[in-house]
Amino acid sequence: MSEVTVYSKGYCPYCHAAKALLDKKGVAYVEYDVTSDRKKRDEMLARSNGGRTVPQIFIADHHVGGFDDLNALEQRGELDALLAQH
């Protein structure tokens, strides 16, 4: 299974929803709280081509986007395949 990275903020409901979806699927992920971590925030901006909203979710080096994008993959039945291929 691929490494999943979630850049988040503690007070973000979409971050909580994304993590809940990943938890429900049993997917392990690395989370970086960018609330006050400037270095990780800059890393997120670079990896997401300037995406400033959270969460920013990555499966390996594939930029998924935010919760809506992650949920759309799940609803279309494409998330498991993406997790397996990277």
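For segment 69-78, does any single residue satisfy the condition of being free of Cβ contacts under 8 Å to residues at least 12 places away in the same chain and surrounded by 19 or more Cβ atoms within 10 Å (Cβ to Cβ)?
Looking for residues that are free of Cβ contacts under 8 Å to residues at least 12 places away in the same chain and surrounded by 19 or more Cβ atoms within 10 Å (Cβ to Cβ), one finds at least one in segment 69-78, hence yes.
Could you please give the count of residues in segment 4-20 that are small (G, A, S) and touching a helix residue (DSSP H, G or I) at 6+ places or on another chain (Cβ under 8 Å)?
The number of residues fulfilling the criteria is 3.
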* Do you know which residues across segment 1-26 are surrounded by 15 or more Cβ atoms within 10 Å (Cβ to Cβ), part of a loop (DSSP other than H, G, I, E, B) and out of contact with any strand residue (DSSP E or B) (no Cβ under 6 Å at 6 or more places or on another chain)? -> K9, C12
* Asked: List, please: which pairs have Cβ atoms under 9 Å, are six or more places apart or on different chains, and start with a residue in segment 1-14 that is touching a residue at least 60 places away in the same chain (Cβ under 8 Å) and end with one that is among the polar types (S, T, N, Q) and surrounded by fewer than 17 Cβ atoms within 10 Å (Cβ to Cβ)?
  -> S2/Q85
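Just so you know, all these numbers are worked out from the coordinates, no wet-lab data involved. In this text, all values refer to a predicted model and were calculated from it rather than measured experimentally. Positions of Cβ are generated from backbone atoms using ideal geometry, with glycine treated the same way; all protein chains shown enter the neighbour counts.
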